[in-house]
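The values are calculated or read from the model by the stated rules, or taken from the named source; none is laboratory data. For clarity, every value in this text was computed on a predicted model and none was experimentally measured. Neighbour counts are summed over all protein chains in view; Cβ atoms, including those assigned to glycine, are modelled from backbone coordinates with ideal geometry.
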Amino acid sequence: MRVLDRRGFLEAVAAAGVGVCAGVRTLQAADAVVEVNPSQPGPEIAAHIYGHFIEHLGGVIYDGVWVGRDSTIPNIGGIRKQFVDDMKAIGAPNLRWPGGCFADGYHWRDGIGSTKRPRTYNFWEQRMPPGLHAEEANEFGFHEFMRLCRAVGAEPYVAANVGSGTPQEFHDWVSYSNAPQGTLSLADERAANGDPAPFGVKYWGVGNESWGCGGNMTGGEYATAYRRFISQCPAYVPPFFVATGPRGHSADADVDWTETFFAGIRDARALFVRVDGFALHYYTDFRQTNEDGARFDAKGWYAVLHKGAHIEQVIDQHWAIMGKYDPEHHTKLVIDEWGNWYRGGTELGPKYIYSQAITLRDALHAAMTFDIFNRHADKIAMANVAQTINCLHSLFAAVGDKYTRTPVYSTFELYRPHMGARLVPLASTVPDLKVPVLDGDATLPGISGSASMRDDVLTVTLTNPSLQDALVTRIRVSGGAALREARARVLTHDDMHATNTFDKPHEVQLADLAARVSGDTASVTVPKQAVVAVSLRVG
Ligand code: AHR
């Protein structure tokens with residue numbers, strides 16, 4: 001996003017007729033000018049950027065998603081009904097499953113069939129508190145996952161087992177999933193298990209974190225494995241293969257992984273070697289600090305937003321390397337794990353490992369992340385929040401019959417209009433904000449935003465990270481389009497720690513915000529610590 005220097009800012013503000021005295025953001029009644037030009041639409045923002053991830057980890061699947069067919073909790077064939085309803089309400093475009101680290105120990109045959117399914121080892125056993133176990137009951141398997149996807153209307157994205165599986169096992173899974181009934185025995189077996197119609201799964205992850213829990217490989221070793229896993233893969237449905245990418249939040253962003261993987265692939269356009277997506281993981285990782293999800297001060301607030309915003313550099317870094325091997329950029333980024341990861345201490349309960357308190361801070365982090373993803377719409381085919389329920393950056397918390405949407409859910413609601421819309425360039429005059437972080441000072445964009453256009457609706461999303469100043473904001477629409485109407489909604493709270501609990505599930509939620517239109521300009525006041533979505537009718 002273009003951020004003008006002080007002089008440019010004052011000129012732009014003066015040109016906009018806004019009488020303020022600005023400094024390096026000690027703005028009184030801090031005014032902002034945001035310019036958007038819908039006559040120059042950019043690439044489509046893939047709806048899949050607003051995607052999801054559920055893993056057999058802690059309370060994600062069992063309790064979160066799956067309550068069981070005999071449960072008194074309202075369910076659809078064992079799947080928590082409220083979860084389905086809420087996922088539908090935000091138009092969840094996809095679901096990644098079964099992991100995560102769990103994926104490279106998962107054998108899909110364990111989770112099919114109506115006879116008693118085996119109890120198997122779960123990778124996360126090693127992280128369970130003493131006395132608790134993580135054995136996999138396999139009650140929720142492939143058919144249950146596909147029923148969930150169908151109920152939500154989400155595209156399945158299946159992470160296959162490379163770390164402890166074989167190409168044959170992967171290929172059989174693809175055949176079982178996609179071959180028409182009456183062709184392969186595997187297809188007939190699927191039909192006998194209740195699903196005669198092929199599942200038509202297109203998105204296949206070829207392993208997960210193959211540099212770690214997915215096989216401890218080097219980039220070159222993984223490139224070799226990748227080539228073997230995909231070259232004989234059945235193609236009943238044109239597949240979209242996602243290769244394991246780097247751990248973007250490591251100190252050097254794992255650039256070497258990207259280099260050595262693509263060098264090892266040699267020709268990603270060769271007949272039998274295609275890399276459609278390259279998975280980047282980026283956790284805003286505070287595990288080694290004292291930050292937890294619930295208790296933080298201003299430094300903690302800004303530190304999380306600042307580290308979150310760093311993902312933009314990581315995207316650019318890896319995209320540049322990918323371009324060396326694939327100048328036309330056939331391979332897109334799939335950021336299939338992103339979110340905040342705090343040290344423990346705020347779990348929903350002992351067996352809900354990696355669940356954490358989710359506050360307004362996480363909602364703003366998600367908003368800034370989405371603005372970055374939108375602005376890089378040319379590079380990103382998909383992204384998946386880690387994880388959708390009961391784990392890390394969740395949209396939902398559920399324990400038995402208790403359930404709530406977190407503030408992050410509201411961010412997904414606010415950003416929904418961007419899904420599948422065309423990116424519109426956005427520039428802001430707001431100077432950077434100098435903020436305290438855990439280990440000193442840092443700068444954050446004074447306002448973060450993105451814009452998109454669908455039909456005659458221009459959507460502008462804006463995040464004001466400041467804990468102090470509201471931003472009286474003018475959105476100037478250039479390119480000659482007439483503005484007819486403006487509506488705005490806001491997500492904020494007086495308390496930066498605000499959260500939704502089982503007892504107070506509506507503490508943080510969306511509200512309408514006043515917006516005015518005059519000529520080519522819409523005006524809104526973006527409160528401090530807030531995300532706003534402005535919807536403008538243009539034309
Ligand atoms: O999302 C939790 C874990 O984080 C995933 O299983 C793994 O892929 C990552 O390291």
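You will find that of D432, D336, the residue that is charged (D, E, K, R) and over 22 Å from V65 (Cβ atoms) is D432 and no other. Within region 133-152, can one find any residue that is among the small types (G, A, S), more than 26 Å from the chain's Cα centre (by Cα), under 23 Å from S355 (Cα atoms) and surrounded by 14 or more Cβ atoms within 10 Å (Cβ to Cβ)? Yes, because at least one residue in region 133-152 is among the small types (G, A, S), more than 26 Å from the chain's Cα centre (by Cα), under 23 Å from S355 (Cα atoms) and surrounded by 14 or more Cβ atoms within 10 Å (Cβ to Cβ). Among the residues examined, L392 does not qualify as touching a helix residue (DSSP H, G or I) at 6+ places or on another chain (Cβ under 9 Å), in contact (Cβ under 8 Å) with a residue 12 or more places away in the chain, more than 25 Å from T331 (Cα to Cα) and of a type outside the set (V, I, T).
May I ask you to verify whether T120 is at pLDDT below 95 and either away from the ligand (no atom under 16 Å from the Cβ) or surrounded by 20 or more Cβ atoms within 10 Å (Cβ to Cβ) (or both)? For T120, the condition - at pLDDT below 95 and either away from the ligand (no atom under 16 Å from the Cβ) or surrounded by 20 or more Cβ atoms within 10 Å (Cβ to Cβ) (or both) - is not met.
Yes/no per residue for (1) in contact with a helix residue (DSSP H, G or I) (Cβ under 6 Å, 6 or more places away or on another chain); (2) over 20 Å from A442 (Cα atoms):
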residue	(1), (2)
F296	no, no
G300	no, no
V304	yes, no
H310	no, no
I335	no, yes
G344	no, yes
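I'd like the residue in region 238-256 that is more than 17 Å from the chain's Cα centre (by Cα) and either within 12 Å of the ligand (Cβ to nearest atom) or of a type in the set (V, I, T) (or both) and, out of all such residues, is nearest to F286 (Cα to Cα). Per the stated criteria, the residue is S250. Taking residues in region 257-269 that are within 14 Å of Q317 (Cβ to Cβ), and partners anywhere that are among the β-branched types (V, I, T) and assigned to a helix (DSSP H, G or I), the pairs with Cβ atoms closer than 6 Å and at least 6 places apart or on different chains are T258/I321; E259/I321. Which condition from (1) touching a His at 6+ places or on another chain (Cβ under 9 Å); (2) of a type in the set (A, V, I, L, M, F, W, C); (3) within 16 Å of the ligand (Cβ to nearest atom) is the one that V60 breaks? The failed condition is (1).
Mind checking whether some residue in region 389-396 is more than 13 Å from the chain's Cα centre (by Cα) and either hydroxyl-bearing (S, T, Y) or more than 22 Å from A303 (Cα to Cα) (or both)? Yes, some residue in region 389-396 is more than 13 Å from the chain's Cα centre (by Cα) and either hydroxyl-bearing (S, T, Y) or more than 22 Å from A303 (Cα to Cα) (or both).
Here M368 meets each of (1) under 19 Å from F286 (Cα atoms); (2) in a loop (DSSP other than H, G, I, E, B) with one exception, condition (2).
If a residue has to be assigned to a loop (DSSP other than H, G, I, E, B) and either touching a Gly at 6+ places or on another chain (Cβ under 9 Å) or under 30 Å from H306 (Cβ atoms) (or both) to count, how many in region 228-250 make the cut?
As a first pass, look at region 228-250 and keep what is assigned to a loop (DSSP other than H, G, I, E, B): 232-239, 244-246, 248-250.
Of the ones still in play, those that are also either touching a Gly at 6+ places or on another chain (Cβ under 9 Å) or under 30 Å from H306 (Cβ atoms) (or both) are 236-237, 244-246, 248-250.
Matching residues across region 228-250 total 8.
Just a yes or no: is a residue in region 139-151 in contact with a Lys or Arg (Cβ under 6 Å, 6 or more places away or on another chain), closer than 16 Å to H56 by Cβ and away from the ligand (no atom under 16 Å from the Cβ)? First the steps, then the outcome.
First, the residues of region 139-151 that are in contact with a Lys or Arg (Cβ under 6 Å, 6 or more places away or on another chain): none.
The answer is no, given that none of the residues of region 139-151 is in contact with a Lys or Arg (Cβ under 6 Å, 6 or more places away or on another chain), closer than 16 Å to H56 by Cβ and away from the ligand (no atom under 16 Å from the Cβ).
Scan region 336-386 for residues that are touching a residue at least 60 places away in the same chain (Cβ under 8 Å), within 16 Å of the ligand (Cβ to nearest atom) and basic (K, R) and the total you get is 1. Looking only at residues in region 379-416 that are aliphatic (A, V, I, L, M) and closer than 17 Å to K81 by Cα, the one that is surrounded by the fewest Cβ atoms within 10 Å (Cβ to Cβ) is V399.
Under the condition of being surrounded by 19 or more Cβ atoms within 10 Å (Cβ to Cβ) and part of a strand (DSSP E or B), the residues counted in region 460-475 number 9.
One line per residue, one yes/no per condition, for (1) closer than 28 Å to H497 by Cβ; (2) part of a helix (DSSP H, G or I); (3) more than 21 Å from the chain's Cα centre (by Cα):
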position	(1), (2), (3)
F272	no, no, yes
Y283	yes, no, no
F296	yes, no, yes
H318	no, yes, no
H330	no, no, yes
G339	yes, no, no
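Given T244, T258, T218, which one is over 25 Å from S175 (Cα atoms) and crowded, with 19+ Cβ neighbours inside 10 Å?
Within the list T244, T258, T218, the selection yields T258.
Just one of the listed residues (Y157, Y121, Y176) is in contact with a strand residue (DSSP E or B) (Cβ under 8 Å, 6 or more places away or on another chain), of a type in the set (S, T, Y) and within 21 Å of Y203 (Cα to Cα), and it is Y157. Residues of region 91-114 that are more than 16 Å from the ligand (Cβ to nearest atom), part of a loop (DSSP other than H, G, I, E, B) and under 22 Å from V174 (Cα atoms): P93, H107, I112, G113, S114. Among residues of region 207-236 that are within 17 Å of A263 (Cα to Cα), those with a Cβ under 8 angstrom from a residue that is more than 16 Å from the ligand (Cβ to nearest atom) and polar (S, T, N, Q), sequence gap 6+ or separate chain, pair up as W211/T218; T218/T260; G219/T258; G219/T260; G220/T260; A223/T260.
Name the residue that is surrounded by the fewest Cβ atoms within 10 Å (Cβ to Cβ), counting only residues in region 39-57 that are in a loop (DSSP other than H, G, I, E, B) and either modelled with pLDDT of 95 or more or within 16 Å of the ligand (Cβ to nearest atom) (or both).
First, pick out the residues of region 39-57 that are in a loop (DSSP other than H, G, I, E, B): 39-43, 45-46, 54-57.
Applying the additional criterion that residues be either modelled with pLDDT of 95 or more or within 16 Å of the ligand (Cβ to nearest atom) (or both) yields 42-43, 45-46, 54-57.
Working: G42: 16, P43: 13, I45: 28, A46: 20, I54: 27, E55: 27, H56: 28, L57: 28.
Ranking the candidates gives P43 first.
Tallying residues that are under 16 Å from S250 (Cβ atoms) and within 16 Å of the ligand (Cβ to nearest atom) within region 279-307 yields 10.
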